[in-house]
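Bear in mind these aren't lab numbers, they're just calculated from the coordinates by the rules spelled out. Only a predicted model underlies this, so the values are computations on that prediction, with no experimental measurement involved. Here the Cβ positions follow ideal geometry from the backbone for every residue, glycine too, while neighbour counts run over all protein chains shown.
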Amino acid sequence: MSKCIGIDLGTTNSVAAIREGAVHVLQNMESQDLTRSVVGEHKGKVLVGQMALDRQLLAPADTIESIKRLMGRGYRDTAVQRLKETAPFQIVEPTDGTDDDVRVVMGGKQYSPIEVSSMILKKVKEDAEKRLGDSVEFAVITVPAYFTDKQKDATRKAGRMAGLKVQKILEEPTAAAIAFGVDNVGADDSPTVLVYDLGGGTFDVSIMAIVGGSFVPLNIEGDMWLGGDDFDRKIMDHVLLHISTVHGINAASDPRFMVELKKKAEQAKRALSTMNRTDIIIPGMLKDDDGNLISVELELARSDFEGMIAKDVARSMEIVQTAIRNAGESMTADQIDLVLLVGGSSYIPLVQKSLADLFGREKLRMDVDPMKCVAFGAAIVSHKWNEKVECEKGHVNPGKNSVCEVPGCGAPLNSEITIADGVTGMPYGIRTRAEKITCPKGHENPGKNRRCSVDGCGEGLVGGDDCFEEIIEKGTSFPMEKPKTKRFWTPAANLKRLCVPIYAGSNPVASRNEMQATVWLELPDHVAEATPVDVAFSLDEDGVLREVLVALMDGSGTKVKSMIGRGGELRDRLERKLEELRKRKEEARGTLDASVEGQWEALYGQAARALNANDAATAASCAAQMDGLVQSKEPEWKLKAMGLCNWTEMVLDYSYLLDPPKTEQLKKLTRELRACIERDDEEATARKFKELDAATDELPGSVQMLMFLLQKVGLARRKGMVVEAEQVLNVLHEVEAAFRANDFSRGKAKLESIDALLKKIGGPGDSGPDSTGPINQDFLQGGKSGSR
Amino acid sequence: MDHLAVTERWTAIGESTIGLMRRVDQLQRDLNTTEERARKEKAQLLLDLLEVFDSFERVFANIAPRLEGAEKQAKIWVGNFRSVRRLLENLLKANGVAAIDSPDGIAVPGLHTIVETREQADMEDGTILEEMQRGYFWQGNVLRKALVVAVKN
């Protein structure tokens, strides 16, 4: 019978645990409890954990650390840019040009953070299987409480890619609380628990209430750059200064010595948790100018160590105070009933003393290994979700039962652990237009203005139509009983459709937050300005934004419900393409004849509906046609060249199937061809067209197969063959999944299985899109949020 | 004994047996845990002894070139310490600690940790130039990896 385990997927270390009676750690095949979250490449083979670290110096650019910091983030994200400054490996934009994702380079190939994390999870899974002598099928994987839905989804995908059925994405503080058993309280008790998690590289504080066995989250705070690794570094610097002072040697330049010093610094830190003094002795590794061996010997007192780290510990306590203040009205430290210490650095006496001073020593809990409690909690939940529970008489029951189901028995079973899984780490909202906006000189303007309309002023106005209106606030618990709704207004009369871009973040400027998706609502004719529009968000059991409802509140019943799919790199790119096409169309207004505008309008509507339904293939097909329509007044040679550029960009959506040199070549040639077109240089365009055309002739069969299927989907839809289009689309997804798993023969077999269907769809049909009125869509008018 | 009493007796025996089996299972787990803990503690003790052994090695490596011209008394002291080192070496061997060899001279992940790299155009990347700290096996597993200087061109 396959097993289910808990996995703490950490920034520095990962841990696997299982509940078999008691909970215990599953050691990796190097006989270590912790697997380093490091991935490297050697002779085409992927190395994970300590093995990757062993070769880090040989290939620092091909050894990937701290990949968790990049999960679910875009290239322009502050955290990504910060890591880019210090990481020895390359962090790059995806070669297909989007900035809402990020890649790392290892062994000359680009990998997404999901792929790298899946390699770590795969090793954890395989090692667990070897230790257990059984297959591991299910896992609960933990994530920090501040992870956004995109980051959680990325973690879930990494688990699936590693061959695991992810039972749940569980927040680390909740997992820790379960490991400590704080949910085992009486019916009348409802303790408030604070989880203080000081790990190697990050610090998190979570506050939750436990009510009737349920975890009710109250607040989360943290600092993702504060951790115990900083404390080791301070001891090392102290020793290096001592050597420099006493012996006049720069020991930092000796790599062998630094390896040993790092080890000794960590040992000293741990020793000072139980002793007041410790020795740091490194005999015979350094030499003086005469070649004599120097022994490094010094005593480190706990008080000296505490002096080194006092500032960092004080910072952590400030964050604790902030977390308490923001957890609810009038919450104070006295109202915290229990403080759970998690993470290796919480062993440090100064940390415990600081917490004891604030909360009282009797409230501190340290009885579960702080390095492993998160994995333990995950293992408990994993076991519960797939548990066989025995009652006191030995009858076996499904895990979800609360009493024994054997007739005549009815013995009580283990109490359910209910997890209200956390709070959202960030608010969710939409981009709106402010009702009013104030220019730098203090003049009030309508929100849609780009420049101040007051005579003699003309100052530029920014942000008027880039306001972020929260719908789900930070700290909202999930899952939600009912959606959270907020009312907005149409910004103008007679709009054809409304564009609702959705973001997660705290910046009042919407576009500076993290884009989630865009939903379009097509409007009936003659909708008046300031007609109410309700936007409702729902979070699922993992705190992921799953469902968005946009409804026109004029009694017409006009609404759209969109399921936000996060398989959506392609969707994200298409949303941006549509936005780009819309702007280009606006610029070309007045140069296109009515029938072309009508075709364009219909295609845009079709693309918007397709994206609402997560049908990226149809949207891509529409986008390609729209691109051609806007250029229709251009000469034939330009249209042909633009068409090739657009087609190549669609190929680049599958760049993971291409060699990086090929991807770079296609990107470069496309860029150059576009430049020739823009210069109106027909001759150069013809030359570059030939080059790019030749380059796209040499595509791998897998890419050609996917492009072929994509075109068939679009063709079927244009012909009104909706069922057939869906069938081909399903096959497209299956073929793509097969290719991602490097199972090309399965992909090919899938394609061959629909040969009859593809013949039925046939070649290009003669149906055309509907004709409708001109586009006039805009962002929703925001709430009465005042001037910005 | 009537039928009901027999059934009750067998049920009681069955329940008792289940209880005993669970107890055995738990004891087995406890034994495994204890054995594992003992193994880890011994491995740590051996690692600590290896650190002492390394220190001896470094000192003797430093002394060796200068011993020729040293005074007789100094040579005797060195000899005394060498005997202590020999005792320690034999103790480690007797406990199953064996050095990691690298016959093909290439750093192997899992056996070698590369702590420094140097250029050497006539050698392939990963070739071991110097072993800064010896690695060891124990009970069929790597007790400690070797720390090496390797080629990186």
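Here are a few things to note about the model shown:
- Under a 5 Å amide H cut-off, with hydrogens placed 1.01 Å from N, B:Gln133 pairs with B:Leu147 among residues at least 5 apart or on other chains.
- Here the protein assembly as shown carries DSSP beta bridges of which approximately 75% are antiparallel, counting only pairs with both residues inside.
- Overall, segment A:221-311 carries a charge dipole of about 200 debye about its Cα centre when +1 sits on the Cβ of Lys and Arg and -1 on the Cβ of Asp and Glu, all other atoms neutral.
- Average partner coverage of A:51-60, which counts Cβ from other chains inside 10 Å: 6
- Segment A:23-126: trypsin sites (Lys or Arg not before Pro) falling in loop per DSSP and having at most 10 other Cβ within 10 Å: A:Lys43
- For B:Arg118, the amide hydrogen comes within under 5 Å of the amide hydrogens of B:Ala150, B:Val151, B:Lys152, counting only partners 5 or more places away or on other chains and with H modelled in the peptide plane.
- With coordinates expressed along the principal axes, the C-alpha atoms belonging to segment A:140-275 extend over 65, 40, 21 Å, beginning with the largest.
- Whole-number D in µm² s⁻¹ for segment A:228-309, Kirkwood Cα-pair radius fed into Stokes-Einstein, 4 °C, 1.567 mPa s: 100
- Shape metrics for segment B:98-153, restricted to C-alpha atoms - Rg then Dmax, Å: 11.3, 38
- Taking the longest Cα principal axis of chain B as reference, the axis of helix B:72-94 is set at about 30 degrees.
- Nonlocal amide H pairs with A:Met106, under 5 Å, H built at 1.01 Å: A:Tyr111
- Per-residue average of Cβ from other chains inside 10 Å of B:54-66: 3
- For segment A:3-163, size of Cβ-based charge dipole, Lys and Arg +1, Asp and Glu -1, in debye: 60
- Acute angle (nearest 10 degrees) that the helix B:3-67 long axis makes with the longest principal axis of chain B, alpha-carbon atoms: 10
- Annotation note: GluC sites (Glu not before Pro) in segment A:517-552 located in DSSP loop regions with a Cβ neighbour count of at most 16 within 10 Å are A:Glu529, A:Glu541.
- Residue order, fewest to most beta carbons within 10 Å, for B:His112, A:His238: A:His238, B:His112
- Exposure proxy ranking, count of Cβ atoms within 10 Å, fewest first, for A:Arg497, A:Arg160: A:Arg160, A:Arg497
- Counting beta carbons within 10 Å around each of A:Asp455, A:Asp357 and listing the fewest first gives the order A:Asp455, A:Asp357.
- Sparsely packed GluC sites (Glu not before Pro) within segment B:82-121, loop by DSSP, other Cβ within 10 Å at most 11: B:Glu119
- Note on B:125-137: average number of Cβ atoms from other chains within 10 Å of each residue's Cβ is 1.
- When only Cα pairs below 8 angstrom with a gap of at least 6 residues are kept, segment A:293-392 shows a relative contact order of 23 percent.
- Per the Debye calculation on the protein assembly as shown with a single equal scatterer at every Cα and no solvent contribution, log₁₀ I(q)/I(0) for q = 0.06 Å⁻¹ amounts to -0.56.
- Listed residue (A:Val246, A:Ile120, A:Asn507) projecting farthest to the positive dipole end of the protein assembly as shown, Cβ model: A:Ile120
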